[in-house]
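**Student:** Once you've had a glance at the structure underneath, I'll fire off some questions.
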Amino acid sequence: MESPVITNEYLSTLDIIVREARANGDFESSITDTERTTTISNIQKALRQFGHEVSTGQAEEVYRMYSYNKWSSWISGGCKSPEHAVLMLKEFCHDVRFGENHIGL
């Protein structure tokens, strides 16, 4: 597995993603599906590593935006660990920065 590191060049993009999630995910998640709740929890833990404390609704919104950016409503499989969530965030930041930005950030 690739090292779960987000470089400084991606941190500003991550800030934009989190700001958008806070604007649109201002709710507590009502998801009860185990895979989805695990994904949401792991995204919260991953974002916390980069100084972003987000609600469950905001973490859900981050994954929803990531999924939508990949032309899906919710990518099954989710983030099985905080390290996997960091890799997802890194990939999302890369997509937004380098042209696979289908969500208009």
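The values are calculated or read from the model by the stated rules, or taken from the named source; none is laboratory data. Since this is a predicted model, take the numbers as computed values, not measurements. Cβ coordinates were reconstructed from backbone atoms using ideal geometry, including for glycine residues, and neighbour counts include every protein chain displayed.
**Student:** Consider Gln58 carefully, then state whether it is in contact with a helix residue (DSSP H, G or I) (Cβ under 6 Å, 6 or more places away or on another chain) and either modelled with pLDDT of 90 or more or buried (at least 21 other Cβ atoms within 10 Å of the Cβ) (or both).
**Tutor:** On the way: in contact with a helix residue (DSSP H, G or I) (Cβ under 6 Å, 6 or more places away or on another chain): yes; either modelled with pLDDT of 90 or more or buried (at least 21 other Cβ atoms within 10 Å of the Cβ) (or both): yes.
Here the answer is yes, as Gln58 does meet what is asked.
**Student:** I've got another one for you. Considering region 91-105 alone, what residues qualify as being part of a helix (DSSP H, G or I) and over 25 Å from Thr34 (Cβ atoms)? Even if it seems obvious, please write down each step before you answer.
**Tutor:** Of region 91-105, the ones part of a helix (DSSP H, G or I) are 91-97.
Hits for region 91-105 are Cys93, His94, Asp95, Val96, Arg97.
**Student:** Give just the number: which of (1) touching a Phe, Trp or Tyr at 6+ places or on another chain (Cβ under 8 Å); (2) without any contact (Cβ under 8 Å) to a residue 40 or more places away in the chain does Gly78 not satisfy?
**Tutor:** (2)
**Student:** Yes or no: Ile17 at pLDDT 80 or above, surrounded by 17 or more Cβ atoms within 10 Å (Cβ to Cβ) and either of a type outside the set (Phe, Trp, Tyr) or over 20 Å from Asn101 (Cβ atoms) (or both)? Steps first, answer last, please.
**Tutor:** On the way: at pLDDT 80 or above: yes; surrounded by 17 or more Cβ atoms within 10 Å (Cβ to Cβ): yes; either of a type outside the set (Phe, Trp, Tyr) or over 20 Å from Asn101 (Cβ atoms) (or both): yes.
Judged against the criteria, Ile17 is a match.
**Student:** So, in region 46-55, how many residues would count as being in a helix (DSSP H, G or I) and crowded, with 16+ Cβ neighbours inside 10 Å? Before you say what the answer is, go through the steps one by one.
**Tutor:** To start, the set of residues in region 46-55 that are in a helix (DSSP H, G or I) comprises 46-49.
With crowded, with 16+ Cβ neighbours inside 10 Å added as a condition, the list becomes 46-47.
Summing the residues that are in a helix (DSSP H, G or I) and crowded, with 16+ Cβ neighbours inside 10 Å in region 46-55 gives 2.
**Student:** Continuing with the same structure: With the checklist (1) in a loop (DSSP other than H, G, I, E, B); (2) over 10 Å from the mean Cα position of the chain (by Cα); (3) modelled with pLDDT of 85 or more in hand, flag the one item Cys79 doesn't pass.
**Tutor:** Failing condition for Cys79: (2).
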